[in-house]
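Take a look at the structure below.
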Amino acid sequence: MLLEVQDLKKYFPIRGGLGSRTLAMVKAVDGVSFSVGEGKTIGIVGESGCGKTTLARTILRLIEPNGGSILLDVDGGHGKNGEKIDIAKASSKEMGKVRKNMQMVFQDPQSSLDPRMKIKRSVAEPLELLSLVRDRKLQERKVLEVLEEVGLKPEHLERYPHEFSGGQKQRIGVARAIISDPKLIILDEPTSAVDVSVQAQIINLLKRIQRERRMGYIFITHDLSVVYQMADEIAVMYLGKIVECGDAEEVFKTPMHPYTRALFSAIPIPEVKGRESRPRIVLGGRVPSPIDPPPGCRFVERCYERHDKMCSEKTPELVKVKPNHYVACFKRGSTWEE
Amino acid sequence: MTLLSIEDLRMVFNTEDGVVKALNGVEFDVENGETFSLVGETGCGKSVTMFSILRILPSSARMLGGRVLFWDKGLSKTLKKNNPVDLSSLSNREMLKVRGAKIALITQDPQSSLDPLYPIEDQISEVLELHRNMGPKEAHSEVLNLLEQVQLAPPERIARKYPHELSGGQRQRVVIAMALAARPPLIIADEPTTNLDVTIQEKVLDLMQELKRKFNTSLLLITHDLAVVAEVADRVAIMYAGNIVEAAPVEELFEHPLHPYTKGLLAAIPSITERKENMDYIPGSVPNLIYPPSGCRFHPRCRYAKSNCSQERPMLKKVSGKHKVACYYWREADAA
């Protein structure tokens, strides 16, 4: 496996009162495990506040995890005894060995490009920062290569971000991510700031360079139809936990967790005919606060399937229901057996 | 019955880089009681159209032509005849009686429509006192009634809250209540659900539809999201680079799109039932409207374009029933 995340935790303390005591914990990511294979895409979906962006930042160690392990299997990314470096605990020297293998593409290309920097410098920056290529000439040649790879032209080198459209800026974001030749890219809502007609171009681009470079993708989004087009596997997050995961086709065709089913039933579809026949599950309440969540299933307050006391006392674990399909719900299987 | 009729609206903006030709002869009608949706991508001019109707444009804007006709007995000077008023010719003072009272606005970001310093009740009753001449007591009970209408319970408690104490979905409901407060014949909603999660989006859309019927208002829905359009609209107009390129009843548009741009747009939406190795897309990107393409503004991206497309703009023409399209070669596109 290219990336294995085990029981990852990120808690944010809420401080206040005398001497800044810790009053409570926001459990943004609470025991998340998954893996990504070479050349594969895992889609992480969930609504705002479910912890998907915190998860991404923790994997890149942009923020410190509170527990768990993150193992990335790449050439040169091993310790003295040949063991994989655990990103969750790595020293800054060890991080230096793996950094270039992990990159991120952000949602808003506008804010991730320095408006006063020419594109050639913005794109070359990872080479500089990671001390990969120092020579300016070589840098420029590399930049040209990746710009061409994402469908931009040599004359774009000397331009500034404001001279580009939203779609082009996102291409620049992708170029900058691949210039260090990473094995893993985290895509945080890469298409949600661009228009539909351009969105499809970006999706096609991401798929093509993945095929060519055999990169693993972690695709974070709230847009279920985009994830369906991109992902091999999918993980549905709710309040810091994965509630359902597995093969994307399988999860989309037979969602089992009550939350997943409600989420999928609410996907807006651009069709007028046959809308009435589409079953819809409307959830009551709203996403509860992740601050010191009560024991038991975190979905219990909004769940329309809850069947006994167990749901509010014990936390359901992810259990295998099919070869590549896991669900964290006590009721799994009892009514949806097919 | 027509409520709002936009005729040949042309609007430009003076900027440092040049003149942005934002609206290039926009035309559409909104009927009484219907949900009419104006759809387009970033920069197509849908928001400028909305700002032009409400006359809330920056000083760099210049109107080159067109009319914004609005039928309302209270506004019409010749009361007996049902003559429309041209909103673009009203004085600023007269426009104060239109905004909020006759045409209300629901924006994308409810946070920015609410004043963080005042509780919800104060903000809704302001509308009631201003546009419906209510006293404090009457306004109080109407605020509670409106909050109940938008399904915010318990209304007494919500009324005392400040905007930051509410969730995004709740705030959008408050804004809907404010829009309804003056009982306007027309509500313009600009991307009302874009900032909401899908599970909340559905509920807000349902609510808007229900209240639209109950209060007998028309809704002009401005969005980029065709799925939202399919859900709520009666009729749709597709905008591209400052023009309406196609207009039709919603089912007709989705089942039988004719303009090459509409076709491309619908094909580019990711499906949730069929996975594709390569998705369909429209080549190129939206033009810079400082230097808009000549003739049909879509022609550089259009696969059916011929030489005359770059010479003269095709006008919006009726092809059948209520279906209009602005394309010389829609028959070719339709046959493909």
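Simple rule: put +1 on each Lys or Arg Cβ and -1 on each Asp or Glu Cβ in the protein assembly as shown, find the dipole, and look at A:Leu62, A:His156, A:Gln107; the Cα lying farthest toward the positive end is A:His156. Taking amide H positions as modeled 1.01 Å from N, with prolines and chain starts lacking one, the residues under 5 Å from A:Leu2 and 5 or more places away or on another chain are A:Val36, A:Gly37, A:Glu38. Annotation: amide H of A:Met104 within the under-5 Å range of A:Ile186, sequence separation 5 or more or interchain, hydrogens built in the peptide plane.
Evaluate peptide B:277-290: per residue, the Cβ atoms of other protein chains within 10 Å of its Cβ; return the mean as an integer. Kindly include the intermediate steps, with their values, before the conclusion.
Working: counts 5, 6, 10, 3, 11, 6, 2, 5, 10, 6, 1, 2, 0, 0.
That works out to 5 on average.
Count, for each residue of B:32-42, the Cβ atoms from other chains sitting within 10 Å of its Cβ, then give me the mean as a whole number. Please report the intermediate quantities before stating the final value.
Working: counts 0, 0, 0, 0, 0, 0, 0, 0, 1, 7, 6.
Mean partner-chain Cβ count within 10 Å for B:32-42: 1.
Take the Cβ atoms of A:Glu145 and A:Asp292, set R0 to 35 Å, and the FRET efficiency comes out at 0.10. Along segment A:4-10 the Karplus relation, 6.51 cos²θ - 1.76 cosθ + 1.60 evaluated at θ = phi - 60°, assigns HN-Hα couplings of 10, 10, 10, 6, 6, 10, 9 Hz to successive residues, with x for each Gly and Pro. In order along segment B:102-111, phi translates into HN-Hα couplings of 9, 10, 9, 10, 10, 9, 5, 10, x, 3 Hz, rounded to whole numbers, per the Karplus curve 6.51 cos²θ - 1.76 cosθ + 1.60 with θ = phi - 60° and x for Gly and Pro.
Under unit Cβ charges (Lys, Arg +1; Asp, Glu -1), what dipole magnitude, rounded to 20 debye, does chain B have relative to its Cα centre? Show your work: numbers first, answer last.
Details: 40 positive and 42 negative charges, 223 e Å.
Dipole size: approximately 1080 debye.
Ignoring lysines fewer than eight residues from B:Lys322 along the same chain, the ones with Cα atoms less than 25 angstrom from its Cα are A:Lys273, B:Lys46, B:Lys212, B:Lys263. Inter-part distance, segment B:284-322 to segment A:1-21, computed on C-alpha centroids, equals 54 Å.
Which percentage, to the nearest 5, of the DSSP beta bridges contained in chain A is antiparallel?
On the way: 32 of 50 bridges.
Within chain A, antiparallel bridges account for around 65 percent of the total.
Can you check how the C-alpha radius of gyration of segment B:234-336 compares to 2.2 N^0.38 Å, as a plain ratio? It would help to have the intermediate numbers written out before the result.
Details: Rg = 13.8 Å, N = 103, 2.2 N^0.38 = 12.8 Å.
Here the Cα radius of gyration is 1.08 times the empirical estimate.
Peptide A:225-234 has a mean shielding of 3, counted as Cβ atoms of other protein chains within 10 Å of each residue's Cβ. Electrostatic bookkeeping for B:Phe36 treats Lys and Arg as +1 and Asp and Glu as -1; over the other residues with beta carbon under 9 Å from its beta carbon, the sum is -3. Relative contact order of chain A, please, whole-number percent, based on alpha carbon pairs below 8 angstrom and at least 6 residues apart. Reported relative contact order: 20 percent.
When the alpha carbon coordinates of the protein assembly as shown are projected onto the principal axes, the ranges are 92, 65, 56 Å, largest first. Relative to the Cα centre, the charge distribution of segment B:238-282, modelled as +1 at Lys and Arg Cβ and -1 at Asp and Glu Cβ, gives a dipole magnitude of about 180 debye.
When peptides A:104-113, B:262-271 are ranked by their average number of other Cβ atoms within 10 Å per residue, the highest-first order is B:262-271, A:104-113.
Here the Karplus relation 6.51 cos²θ - 1.76 cosθ + 1.60, evaluated at θ = phi - 60°, turns the backbone of segment A:226-238 into coupling constants of 5, 5, 4, 6, 9, 8, 8, 10, 9, 10, 9, 9, 9 Hz, with x for every Gly and Pro.
Using a Förster radius of 35 Å, what is the FRET efficiency between B:Asp109 and A:Gln6 based on their Cβ-Cβ separation? Nearest 0.05, please.
Taking R0 as 35 Å, the efficiency between B:Asp109 and A:Gln6 is 0.35.
Give the residue from B:Thr193, B:Ala153, B:Ser89 lying farthest towards the positive end of the charge dipole for chain B; charges sit on Cβ (+1 for Lys and Arg, -1 for Asp and Glu) and the dipole is referred to the Cα centre. Looking along the dipole axis, the top candidate is B:Ser89. The long axis of helix A:196-213 is offset from the longest Cα principal axis of chain A by roughly 70 degrees. When peptides A:315-324, B:228-237 are sorted by average Cβ neighbour count within 10 Å, with the highest value leading, the order is B:228-237, A:315-324. Rounded, prolate or oblate: which fits chain B, taking a ≥ b ≥ c as square roots of the Cα gyration tensor eigenvalues, rounded meaning a/c under 1.5, else prolate when a/b beats b/c? Taking the square roots of the gyration eigenvalues as a ≥ b ≥ c, chain B is prolate. Here's the picture: charge each Lys and Arg Cβ at +1 and each Asp and Glu Cβ at -1 in segment B:10-108, and of B:Thr49, B:Phe28, B:Gly65 the one pushed furthest to the positive end of that dipole is B:Gly65.
Of the cross-linked pairs A:Lys27/A:Lys314; B:Lys203/B:Lys318; A:Lys27/A:Lys207, those separated by over 24 Å at the C-alpha level are B:Lys203/B:Lys318; A:Lys27/A:Lys207.
Around the amide H of B:Gly295, modelled in the peptide plane, lie the amide H atoms of B:Arg313, all under 5 Å away and 5 or more residues distant in sequence or on another chain. Taking the Cα centre of chain A as origin and assigning +1 to Lys and Arg Cβ atoms and -1 to Asp and Glu Cβ atoms, the resulting dipole is close to 620 debye. With K and R counted +1 and D and E -1, the other residues having a Cβ less than 10 Å from that of A:Ala124 yield a net charge of +3.
Here segment A:204-252 and segment A:124-191 have alpha carbon centers that stand 23 Å from each other.
Cβ under 14 Å from B:Leu211's Cβ, B:Leu211 left aside: what net charge do those residues give with Lys, Arg +1 and Asp, Glu -1? So the environment of B:Leu211 carries a net charge of +3. For chain B, the relative contact order comes to 20 percent (Cα pairs under 8 Å, sequence separation of at least 6).
Where does each of A:84-96, A:15-27 land if you order them by average Cβ count within 10 Å, highest first? Each step should come with its number before you reach the end.
Values: A:84-96: 15.2, A:15-27: 11.8.
Listed from highest to lowest mean packing, they are A:84-96, A:15-27.
Throughout, read-outs are computed from the coordinates displayed, never taken from laboratory work. If you're wondering where the values come from, they're calculated on a predicted model, not measured in any experiment. Cβ sites come from the backbone with ideal geometry, for glycine too, and all protein chains shown count toward neighbours.
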